[in-house]
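One structure is given below, encoded as structure tokens.
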Amino acid sequence: MGVSGVGKSTIGSLLAKELSIPFFDGDDYHPEENILKMSKGEPLNDNDRLGWLQTLNKLAIQQLKNKGCIIVCSALKESYRTILSATITQHTKWVFLKGSFNLITERINARKNHFMSSDLLKSQFDILEEPKNAITVSISLTPNTIVKVIQKKLADTSEFGLFGLGVMGKSLSRNLASKGFAVSLFNRHVDGKEVDIAKNFKNEFKELATALPFDSIAPFVNSLQKPRKIMLMVNAGKIVDQVIKDLLPFLEEGDILIDGGNSNYNKTKERFDYLKSKNIHFIGTGVSGGEEGALKGPSIMPGGDKKAYKQVQPYLEAIAAKDANNLPCCTHIGTEGSGHFVKMVHNGIEYVEMQLLAETFLMLKAMGNNPDQIATVLEGWKNTANSYLLEITIDILQKKDGDDWLVHNIMDKAGNKGTGNWTTIATAELGVPSTMIASALFARYISFFKDERVAANIHFKSEQKTKLNLTNTELLNAYKFARIINHYQGFRLIDEASTRYNWGLNLSELARIWTNGCIIRSDFMSHLVNTFKTTTNILTNKQIIEELKTLKPSIKKVVSECVLNDLPIPNFSESINFLNGFSIADSSANLIQAQRDYFGAHTYQRKNDVSNKFYHTYWKNN
């Protein structure tokens, strides 16, 4: 494309010969009335061009049935290019031949018997809208050089783009490249702070030898094959919206954006709907596994349009971890924000698993064990309660810092990045009692009040004088009990969201992709794959029911012993409190409902009235 006189026909025919594909000159398809009008020195209007552009579009569609073609056409406006590429946008590549008005005027005046005069050139420049997504080449070069430049740029296209080269972005980039995919890498340029990040990163690893590095958005987007597939690896929040805003001018219908960060699922739904209105696909994708997992194989949770997912499925499944049957730990979760929702709950479950191990550490220490001895105890637990978090806890406890253990020198203030907070909000909004997630979150909040805790310790110092009267077996059993309740609550929350939002989530498949690659992978998670094939509520599974009954005496003793000795174990305690409250046939909620009716006339139902009628009572006897 380009104004008349830039050499479109010359370059197009040469390029077609090099690529061994047919060549067509768009001017040959002008109707006679258009040619007559231009020969009189009259410029064409949009109505004149419409039928001509539609004819060329039909020609392109027909040629795609074989191996494609090259068509030269002025295509000066974006609206013209939209007509030309209608229904075949993802198969279209634009080449823009660019030159100055004076240079082109000289060339037109040098041509003989051409219907286009230099007098009409200004009208073309007046309406010219330079394309944002095109291979742009200066016509100051020789024709053969221009063809070589175009060929090189056509070859320099990537299958997949990574936007943002933080820890996770870098690991995923290397993972994709190591699987043989051609990737483009983007990282912003900030003078004095972030300079040549993508270029330097590419040069650091041999698997990135063919990767294309960028710090400017336009060439990054243009380097990608259509429909473009771009994975955003930026911090959750407003920056995601800013990146989308920056990318949109360069995207086209059918392009796919993948948000691989820990975004809030509600924001993901908003972005999904917004981009859908722009005919851009948006896939909110949870990625779990940390830096090492992202490099070697994470668990991936994509949520979005199923057809769009099919286009990125080969890439995501290739880089995902593999389960016991060598299947990828990646599956289409559902639509809208479902992928980020399940990743959020994954992190909530993770909060609890980490807190349970921290409480276990506290109890084993109170039983007289040093970190090495605690690690030995936990090593024995791997036979019946193994998990990734258990394994890394053992490694942590064995790490020395001089003559002491490193864990002793780490400040006891636990941070968080928001997903535990969002999960707690979601469980409240959906009315699901995921109490252990909330408890684990608040345990982190309590830890952060270090100065106030130290001050409170002066007045409320623990009265523990002897070692806890517990065995390692009792503690292991209590740990198993609490983990079952944690997984029940987490998956129950996911199931409720699935129902509420019509996501149709498959809990068995979700458990399967969490058997490897992710932070909460465990032997118990593998067990749940089969359990969820017959139920969405693991507390109805006979085997789990019997296991909880067997483990219950241990959790009762562990919690009682810790309360008597002033040891805070909020998640162990909450696990038994929850089951006690959940399994009581007649709870104290009748009194609460009576209180609500007393002060607020909220009414109540009666046990002996099967009609479910609501009653109100005037409670004062006088």
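Coordinate-derived values only; no laboratory data. In this text the structure is predicted, and so the values were computed from the model without any measurement. Positions of Cβ are generated from backbone atoms using ideal geometry, with glycine treated the same way; all protein chains shown enter the neighbour counts.
In terms of Cα to Cα distance under 22 Å, which lysines are near enough to residue 122, apart from those fewer than 8 places away along the same chain? Here the lysines satisfying the reach criterion relative to residue 122 are 8, 37, 40, 77, 98, 112, 132. Modelled this way, with points 7 Å down the Cα-to-C-beta line, the labels at residue 537 and residue 209 are 5.9 nm from one another.
Report, in deg cm²/dmol and to the nearest 500, the calculated mean residue ellipticity at 222 nm for the chain, where each DSSP H run with n ≥ 4 adds -39500 (n - 2.57) and the sum is divided by the residue count. Mean residue ellipticity at 222 nm (helix-derived): -17000 deg cm²/dmol. Between residue 451 and residue 412, the modelled labels are 1.9 nm apart [label points 7 Å from Cα along Cα→Cβ]. Taking each residue as 0.36 nm, the span from residue 461 to residue 58 lengthens on full extension beyond its C-alpha to C-alpha distance by 136.8 nm. Taking every DSSP bridge with both residues inside the range 233-347, close to 50 percent are antiparallel.
Mind putting a number on the dipole of the range 157-336 about its Cα centre? Charges go on the C-beta only, +1 for Lys and Arg and -1 for Asp and Glu, and I need it in Debye to the nearest 20. Walk me through the intermediate numbers first.
Details: 23 positive and 21 negative charges, 42 e Å.
Charge dipole of the range 157-336: 200 debye, to the nearest 20.
Placing unit charges on the Cβ atoms of the charged side chains and taking the dipole of the chain about its Cα centre, the candidate lying farthest along the positive direction among 141, 585, 12 is 12. For a straight C-alpha distance cut-off of 17 angstrom, the lysines reachable from residue 549 (same-chain residues fewer than eight places away being disregarded) are 480, 557.
Going by the alpha-carbon gyration tensor, a ≥ b ≥ c the square roots of its eigenvalues, is the range 448-506 rounded (a/c under 1.5) or, if a/c is not under 1.5, prolate (a/b greater than b/c) versus oblate? In terms of gyration-tensor shape, oblate.
Computed over the chain, the P(r) tail beyond 49 angstrom holds 32 percent of alpha carbon pairs.
Could you give the size of the charge dipole of the range 103-231 about its Cα centre, using +1 on the Cβ of each K and R and -1 on the Cβ of each D and E, expressed in debye and rounded to the nearest 20?
Details: 19 positive and 13 negative charges, 87 e Å.
Magnitude of the dipole: close to 420 debye.
Within the range 24-125, the proportion of C-alpha pairs whose separation exceeds 19 Å stands at 47%.
From the Cα gyration tensor of the range 61-194, with a ≥ b ≥ c the square roots of its eigenvalues, which class applies: rounded if a/c is under 1.5, or else prolate if a/b is larger than b/c, or else oblate? Taking the square roots of the gyration eigenvalues as a ≥ b ≥ c, the range 61-194 is prolate. For the chain, DSSP calls about 30 percent of its internal beta bridges antiparallel. Between the range 200-231 and the range 285-300, how far is it from one alpha carbon centroid to the other, in angstrom? Taking the Cα centre of each part, the range 200-231 and the range 285-300 sit 20 Å apart. Legend: calculated FRET efficiency, residue 96 to residue 191, from the Cβ-Cβ distance at R0 = 35 Å, rounded to 0.05, equals 0.75. Checking the Cα-Cα distances for 417/542; 65/306; 245/307; 267/306 against a 28 Å cut-off, the pairs over it are 417/542.
Distance from the alpha carbon centroid of the range 454-493 to that of the range 14-93 works out to 73 angstrom. When you filter the trypsin sites (Lys or Arg not before Pro) in the range 261-318 for DSSP loop state and at most 14 other Cβ atoms inside 10 Å of their Cβ, you are left with 278. Once the chain from residue 547 to residue 200 is taken as fully extended at 0.36 nm per residue, the excess over their C-alpha distance is 119.5 nm. Of the residues 254, 211, 195, the one whose Cα sits farthest towards the positive end of the charge dipole of the range 177-260 is 211 (charges of +1 on Lys and Arg Cβ, -1 on Asp and Glu Cβ, taken about the Cα centre).
Here the dipole of the chain is about 700 debye; that uses its Cα centre as origin and unit charges on the Cβ of Lys and Arg (positive) and Asp and Glu (negative). The residue list 55, 301, 559 was ranked by how far each Cα lies along the charge dipole of the chain toward its positive end, using unit charges on Cβ atoms, and 55 comes out on top.
Any chance you could give the angle, 0 to 90 degrees and rounded to 10, that helix 306-319 forms with the longest Cα principal axis of the chain? Once rounded, the angle reads 70 degrees.
Kindly express, to the nearest 10 degrees and within the range 0 to 90, the angle between helix 101-110's C-alpha long axis and the longest C-alpha principal axis of the chain. It is inclined by approximately 40 degrees.
For the chain, the longest principal axis of the C-alpha atoms and the axis of helix 167-178 are separated by about 60°.
What shape does the range 151-285 have by the C-alpha gyration tensor, where a ≥ b ≥ c are the square roots of the eigenvalues, rounded means a/c under 1.5, and otherwise prolate means a/b greater than b/c and oblate the rest? Note, shape of the range 151-285 comes out prolate. With the simple spin-label model, which puts each label point 7 Å out from Cα in the Cβ direction, the residue 587 to residue 179 separation comes to 4.4 nm. FRET efficiency for the pair residue 23 and residue 399, taken as 1/(1 + (r/R0)^6) with r the Cβ-Cβ distance and R0 = 56 Å, rounds to 0.25.
If r is the Cβ-Cβ distance from residue 472 to residue 392 and R0 is 22 Å, what FRET efficiency results, to the nearest 0.05?
Details: r = 20 Å, r/R0 = 0.91.
After rounding, the FRET efficiency stands at 0.65.
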